[in-house]
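Here is the structure we will look at, set down as structure tokens.
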Amino acid sequence: MGSTINPYGKDIIKVETEWCGRTLSLEVNRVGFRTSASVIVRYGDTVVLGTAMVGKTPVSMDYFPLSIDYEEKFYAAGKISGSRFIKREGRPSDDAILIGRLIDRPIRPLWPKGYRYEVQGVASVLSMDPAFRPDMVAMVATSAALMLTGAPYEGPVAGLRVGITETGEYKAFMSAEELDKNVLDLVVAGNANGVMMVEAGANEATEEQVVGALEWAQAAIQPAIKLQQQLVEKVGVTPQEYELVLPNADIQTEVDAWVDGKLGAPLRKAYPERNELVNAMRDEFDAAMAEKLGDDYPDVKNDYHEAFTMALHKDVRKGIIADGVRPDGRKLDEIRPLSSEVGLLPRAHGSSLFTRGMTQGLNIVTLAPLSYAQLVDTMEKNVERRYMHHYNAPGYTVGEVRRLGSPGRREIGHGYLAERAITAVLPTEAEFPYTIRSVTEIMSQNGSTSMAATCSSVLALMDAGVPLKAPVSGIAMGLMIDGDKPYVLSDIADAEDFAGDMDFKVTGTSKGITALQMDMKVHGLPVSVLKVALDQGKEGRAYILEHMLSTIAEPRTELSPYAPRVESITINPDKIREVIGKGGETIQKIVAETGAEIDIKDDGTVMIASPDGKSIEAAKQWIQSIVEEPEVGRIYEDRLVVSVMDFGAFVQILPGKDGLVHVSEMSEERVEKPSDIVKEGDKVTVKLVAIDDRGRLQLSMKAAQRELNK
């Protein structure tokens, strides 16, 4: 390995530490000379390039322009894309988008309010160790690069993906195969102070198992955090000079004075009445400020609106902390009114409408043969996706005019969370040989649409007759922190989400948790607070599940008349070639003559699909006749004579299976010539009396007749 020339004359700086059984190293000044900062992170055979760019001047935006991206490179896994037409990486896969969100979520809260410089972080996987997923290495790379920019990023952060071993111990950097079979697949990201983000899929894990994993992971990420701090010290990072775009304190004082006495109890009404009151007050406020400021008001209107919104947020927090009352008058653990129905779309295979307060999700389930499964070809995997949950939320769901387009990162993330919530309770392919697509069309948003998507999807799946192992419900929990005292809220709505310190979504069955997603707005939380949220969320999930079961108690036993029928049979994998035939001739003939769709797996599982049961039965019998093995002692009726010889006749008892009826076995009477008894093309009944050591079949017509006459 040769040396690298650095055009700036800087030495390569490298730091390393032991982390969860392998060496983690961070290296700078080898590549990326024109970036604000770049770092190469190595862990095992995984190598990730983290780059960061920071703008030099603030931009005129009313939000922080931060973008975090994760780039999969097929070459990192020694692969070329399986697409026949496109070999170059293009639009990021859903997996890459989800990992980008995973990295973004613990980083985004750690910037000062009012910071308006453009920031971009990119994690590019250059080499992938197949022993573990590279996403947590990418998180360290992104965080380290941002730390090296000198921008006011209050990191570092690090994360771990945690599972539970067979002996009950927690372990990070498991293989994908281990995680697929695990009771828990939990990502925990945090800083030196506490947990910043949680995301998990689980197979009915208990709250105790999740809390234990959180505690273990928070301690285990500390070496990666300390290594980033060590790198910053060794590099000698120069802090960026910056200006914050903060609300005008005088405007906030003026707005606070105007709203004094108008907030609090008068606004504590159920949605949508509260929203209407707030909108009316905002209009009144606009009129008052326009009258006071005259022609100057349009220039500062956005500043006044921001101050008005801040006053509303402070009032929400004050009501919860001081009075224990939420903005819509609910108690802290109270769920909004629930309603639901199923079967409302006549031609859908399954449908439901789930409403919680003003949040509403319409869900539609479509069933298809397994051959319709989605092929997923990414850097990490090449698999078939049998269950898909898609989520849509157009502008009208929040009362806005918004151009329609392809789903964004939020829509993909919400759909994936609901999909993950249900995956653990889906029937196996053998139990239910269908591809399943669940689509949630959000009708109205006012907090926690991903949990509405989960609940509505479960109802629609049960309406479609999908035999779920157990029903799943979901709830979004919120949090207000006052000093050291946490106030945990069940079933948060928008006003509490915007004013709160945490958004914690949890789904599960009556036995345990199936999915988690938690995002922080404060700089880290102790696990003890998350435990309170989990326990309170368990009660809320049970309440929502009870309502769902009052609508439909169990999956329907009959599929929709418009759903395809699919049956499966298992054949010897060695017989697959015979069913397919030369150049696919046999299977094409079966499909053409029966009208059924046929899909054959490598393990010998054969899926037969058709809206017509007779079509399925005909295809099934045809296939079974091809793969059936001759059985000594069995009588085969009406079998074709394929040739007549001087010493007997050959009879086909199964496709491709001919046996000899010797002249002595044709009749109880003496037979001089076989052609006196049978001719080619006749149908006869025979008994298989023996198979010799060379696999030849010995048949008898007289033995068959003797047995039939008993």
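Please treat every number below as a calculation from the coordinates, not as lab data. Note that the coordinates shown come from a computational prediction; the quantities given were computed from them, not determined experimentally. Methodologically, a virtual Cβ is constructed for each residue, glycine included, from the backbone with ideal geometry; neighbour enumeration extends over all protein chains shown.
So the values come out like this:
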{"item": "Evaluated at q = 0.09, 0.11, 0.15 Å⁻¹: base-10 log I(q)/I(0), Debye formula over Cα of the range 13-235", "result": "-0.36, -0.54, -0.99"}
{"item": "Set 511/614; 87/601; 469/601 screened for pairs whose C-alpha atoms are more than 30 Å apart", "result": "511/614"}
{"item": "Semi-axes of the equivalent ellipsoid for the range 36-142, Cα gyration tensor, largest first, Å", "result": "28, 16, 12"}
{"item": "Karplus-derived 3J(HN,Hα), 6.51/-1.76/1.60, for each residue of the range 11-24, Hz, glycine and proline x", "result": "6, 5, 10, 9, 10, 8, 7, 7, 9, 6, x, 9, 8, 9"}
{"item": "The range 516-660 - Rg over Rh from alpha carbon coordinates, Kirkwood radius", "result": "1.33"}
{"item": "Under 21 Å from residue 710, Cα to Cα: lysines that are on another chain or at least 8 residues apart", "result": "687, 702"}
{"item": "Equivalent ellipsoid dimensions for the range 1-72 as semi-axes, Å, which come from the Cα gyration tensor, largest first", "result": "28, 19, 10"}
{"item": "Relative contact order computed over the range 635-708 (Cα-Cα under 8 Å; 6+ residues apart), in percent", "result": "34"}
{"item": "Largest to smallest principal axis extent of the C-alpha atoms in the range 635-708, angstrom", "result": "28, 24, 23"}
{"item": "Rule-of-thumb Rg ratio for the range 392-435 [Cα; 2.2 N^0.38 Å; N residues]", "result": "1.65"}
{"item": "Rounded to 10°, Cα long-axis angle of helix 94-107 versus longest principal axis of the chain", "result": "30"}
{"item": "Least to most buried among 105, 30 (fewest other Cβ within 10 Å first)", "result": "30, 105"}
{"item": "Expected-Rg normalisation [2.2 N^0.38 Å, Cα atoms] applied to the range 338-551", "result": "1.03"}
{"item": "Bins of 10 Å, starting at 0 and running to the largest distance - Cα pair percent for the range 359-421", "result": "17, 42, 29, 12, 0"}
{"item": "Length-normalised contact order of the chain in % [C-alpha pairs under 8 Å, at least 6 apart]", "result": "10"}
{"item": "C-alpha long axis of helix 207-220 to longest principal axis of the chain, angle in °", "result": "60"}
{"item": "23 Å Cα-Cα threshold exceeded, pairs from 381/521; 331/538; 575/683; 181/531", "result": "381/521; 575/683; 181/531"}
{"item": "Three principal axis lengths of the range 253-323 [C-alpha, angstrom, descending]", "result": "40, 23, 18"}
{"item": "Spatial extent of the chain: Rg and Dmax, with the Cα atoms as the point set, Å", "result": "33.3, 123"}
{"item": "Tensor-based shape of the range 413-534 (alpha-carbon gyration tensor, a/c under 1.5 rounded, otherwise prolate or oblate)", "result": "prolate"}
